[in-house]
Amino acid sequence: MGSPDFSSAFDRLWSEHTPDPAPFDSPKEECGVVGVYMPGGEASRLAFFGLFALQHRGQESAGIAASNGEEVKVHAEMGLVTQIFREADFHPLSGALAIGHTRYSTTGSSLLCNAQPLLVQGIHGQLALANNGNIINSLEMKEQLQDSWDCSFNSTTDSEVFAYMLANATGSNWEERIFSCMRQLEGAYSMVALTPDSMMAARDPLGIRPLCLGKLNGGWIVASETCALDHLGATFVRELEPGEALVVDSEGLHSSTWTGSQGRRALCVFELIYFSRPDSIIDNNLVHSVRQELGAQLAREHPVDADLVIGIPDSSIAAAVGYAQESGIPYSEGLIKNRYVGRTFIEPDQRMRDLGVRQKFNPLVEVIKGKRLVVVDDSIVRGTTTPHVVGLLRKAGAKEVHMRVCAPPIKHPCYMGVDMATREELLAARLNEDQIRELVDADSLGYLSVEGLMKVAGGTNGGFCDACFTGNYPVPIQLEMSKLVLEQGRQVKQGKLFGDIA
């Protein structure tokens, strides 16, 4: 079997800078997961490169679990993928099976004990699990696990609840055990799991979070996005169906769908607006093309006389190009992004905070001076960044600044795996559009309508979750549920996670 040469590529990637995090006032990324079954290959190295391609989905922590056929080992730490893994770290992670995770915290704090994959011991033996999503009834399930199985929890994340549930679930095989979990879990999840002899993947019955399947050199890859398959040279096979469970072992790939799935879909529409990489296929659409059409629809709904269209780098560039093409107004770069600005643990004083936007963006003065600008952004969440961007453009000589947002106003929190803000923090939940325009100091402001968004996305409020815009959640939720719900009454300690379970 011909395998790619990963050693030189790993060394090269280690020396390069990794992708920078999200802009200040955008929804925080969710998580990225990858699962690998590669007979005769080094699955953990493939998982590493898959995670590298998914780094945009979370930059707080990352980890890989691998099995040599007899036991599962885990290496997980805080930081970016390329900061966590050295060549020596892959020696204990040998074997044909591996799963990986890169995290932004949506349930539980940003602590090492919450880094995934999480390794547990249950009645079916060792099991490592990594998840993208949010289990909204995790506290209830945790209490049941403690009462029924005397489970000892070491983290404050709902993924450990999921792991213990699966490790102790009823059923004669892993498909039945996954479906047993599906009957009890509420919320969003795209999960990968690992036992000593099998790799599993599952998507929640509404398909809120994405998950796809690829094939490589006689093996199988699952990942949050198709861009990870591309980086590995894998062939994209398909997206997993809502409620589908995959199990891959020495006998091949087995797939089945939970009978409780009723065909209803609620894919997070923000995957198309912001989260997913533009080169990924989501819901059978190239994300880049969807974003261009979102910009075009925005131009139809909110035209304006202007000289130039610019986008806020990087996630809004495609929409800005679409706006320009539809409106006939020329497109140009107007803000240059410093791609080496990353997260820091140094707390800045107020003077440094005021320089935050300047550190991230620098205006092309000669391009925008004296121009009437259409500035396209993907979203306005708290409204903390947009006024600074508008001020930066005005100081650079912009004659007018017309803000256009290729998403509807965000008025409701997300409980399905995206850390946006509380309802009190959401700008559009407190102010009307004219008040927001005045706050950000724009000459005009236009949001894409929910109807326009769904027209472009190809669904009608049944194929996508649009709860952050409309308040219509796909499952019942407890209002103002905290992402720290599992930390109540618990002191969390940090330490290095490396090794197998006792």
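The values are calculated or read from the model by the stated rules, or taken from the named source; none is laboratory data. Please read these numbers as outputs of a predicted model, since none were measured by experiment. Virtual Cβ from ideal backbone geometry, glycine too; neighbours counted across all protein chains shown.
Residues in segment 298-316 that are within 25 Å of the chain's Cα centre (by Cα) and surrounded by fewer than 22 Cβ atoms within 10 Å (Cβ to Cβ): P313, D314. Determine whether segment 147-155 contains at least one residue that is modelled with pLDDT under 95 and either under 23 Å from the mean Cα position of the chain (by Cα) or assigned to a strand (DSSP E or B) (or both). Yes - at least one qualifying residue is present in segment 147-155.
Regarding R209, is this residue touching a Gly at 6+ places or on another chain (Cβ under 7 Å) and among the charged types (D, E, K, R)? In short, yes.
Of I273, I221, I208, all but one fail to be in a helix (DSSP H, G or I) and surrounded by 21 or more Cβ atoms within 10 Å (Cβ to Cβ); the exception is I273. Kindly indicate the residue of segment 195-205 that is assigned to a strand (DSSP E or B) and either without any contact (Cβ under 8 Å) to a residue 40 or more places away in the chain or of a type outside the set (A, V, I, L, M, F, W, C) (or both) and also farthest from A66 (Cα to Cα) among those meeting that condition. Among those residues, the one meeting the criterion is R203. For segment 423-465, filtering for residues that are farther than 23 Å from L272 by Cα and not in a loop (DSSP other than H, G, I, E, B) leaves 10.
Just checking, does segment 224-238 include any residue being surrounded by fewer than 24 Cβ atoms within 10 Å (Cβ to Cβ), assigned by TED's automatic domain parsing to the domain that holds M38, part of a strand (DSSP E or B) and modelled with pLDDT under 95? No, the conditions are met nowhere in segment 224-238. Per the listing A98, A163, A128, the residue uniquely outside any strand (DSSP E or B) and surrounded by 22 or more Cβ atoms within 10 Å (Cβ to Cβ) is A163. Taking the condition under 30 Å from N285 (Cβ atoms), crowded, with 23+ Cβ neighbours inside 10 Å and either in contact with a strand residue (DSSP E or B) (Cβ under 6 Å, 6 or more places away or on another chain) or not aliphatic (A, V, I, L, M) (or both), does P242 pass? Considered against the rule, which asks whether it is under 30 Å from N285 (Cβ atoms), crowded, with 23+ Cβ neighbours inside 10 Å and either in contact with a strand residue (DSSP E or B) (Cβ under 6 Å, 6 or more places away or on another chain) or not aliphatic (A, V, I, L, M) (or both), P242 comes out as no.
Within segment 472-493, can one find any residue that is modelled with pLDDT under 95, over 27 Å from E271 (Cα atoms) and assigned to a helix (DSSP H, G or I)? Looking through segment 472-493, at least one residue is modelled with pLDDT under 95, over 27 Å from E271 (Cα atoms) and assigned to a helix (DSSP H, G or I). Determine whether R45 is in contact (Cβ under 8 Å) with a residue 60 or more places away in the chain and either of a type in the set (D, E) or crowded, with 22+ Cβ neighbours inside 10 Å (or both). When the stated conditions are applied, R45 does not pass them.
Residues in segment 174-194: is at least one among the hydroxyl-bearing types (S, T, Y), more than 20 Å from the chain's Cα centre (by Cα) and part of a helix (DSSP H, G or I)? The answer is yes, given that some residue of segment 174-194 is among the hydroxyl-bearing types (S, T, Y), more than 20 Å from the chain's Cα centre (by Cα) and part of a helix (DSSP H, G or I).
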